[in-house]
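Everything on this sheet refers to the single structure shown next.
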Amino acid sequence: MSQSSPDRRYRVRFGTSMAAYVTSLFAAKYLIAHHMVEGAIIWILGLLPGLAVVGAFYAIAMLIVEQRDEFVRMLIVRQTLMGTAVALSISTVWGFLENFGLVVHVDAYWIAVIWFMGYGLGGLINRFTHGASGDGC
Amino acid sequence: MKNHLKDLRAQRNWSQLELAQKLEVSRQSVNAIETGKYDPSLPLAFRIADLFGLTIEEIFVRD
């Protein structure tokens, strides 16, 4: 079951999203910095990296939906809850600190980065508490 | 919840992987159930019981 069909599809979807993210980010930065695009094209280029990350979230969501192994599905859900808890907690506390002028402004896309860090932390906790993580183990 | 899954598996000389393949779950699932780290759903508990020809109550024991 370690390379079951849902796991393979997840890896393809996640890998595709990350490839799209890197490609669109570098393309957008280069084209916009060199004033090679204008108008609506800038908006489209600005949206693409974020949408690629949304694709990674979709890949994880579909892994939960398609996962046939109930134990592994529970582990993945625990990981996503950990990621969500960490991201919401840090971003909420940081937002208030920022509002009171105590810390510097941080771009909102870092919430996704923190979420993935929390997701990884959830995997480590799963491995410690349940002897396995939800990534196909 | 305690269970006799490890003993039942040992009586048949099945590895965790062999039992997992018969139940169509991961080896990690079998290990988690055997060690009491995970309680299976009712459908999976019925599949386990059917595989060993026993009732759920004969395999799983209340704490």
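Read-outs throughout are calculated quantities, based only on the coordinates presented, and are distinct from any laboratory measurement. Owing to the predicted nature of the structure, the values given are computational and were not obtained by experimental measurement. All Cβ positions, even for glycine, are placed from backbone atoms using ideal geometry, and neighbour counts span all protein chains on display.
Points to keep in mind about this one:
- Acute angle (nearest 10 degrees) that the helix A:40-66 long axis makes with the longest principal axis of chain A, alpha-carbon atoms: 10 degrees
- Under 22 Å from residue B:37, Cα to Cα: lysines that are on another chain or at least 8 residues apart: B:2, B:6, B:22
- For residue A:133, the amide hydrogen comes within under 5 Å of no other amide hydrogen, counting only partners 5 or more places away or on other chains and with H modelled in the peptide plane.
- Here the Gaussian network model covers chain B, with springs between Cα atoms less than 10 Å apart; of B:47, B:12, B:27, B:12 fluctuates the most.
- The mean sequence distance of close C-alpha pairs (under 8 Å, at least 6 residues apart), as a share of the length of chain A, puts its relative contact order at 30 percent.
- 0 to 90° range, to nearest 10: angle between helix A:5-33 axis and chain A longest Cα axis: 10 degrees
- More than 14 Å apart - percent of Cα-Cα pairs taken over segment A:1-63: 59 percent
- Of A:10, A:109, the sequence from fewest to most neighbouring Cβ atoms within 10 angstrom is A:109, A:10.
- Principal semi-axes of the equivalent ellipsoid, √(5λ) from the alpha carbon gyration tensor of chain A, are 31, 23, 10 Å from largest down.
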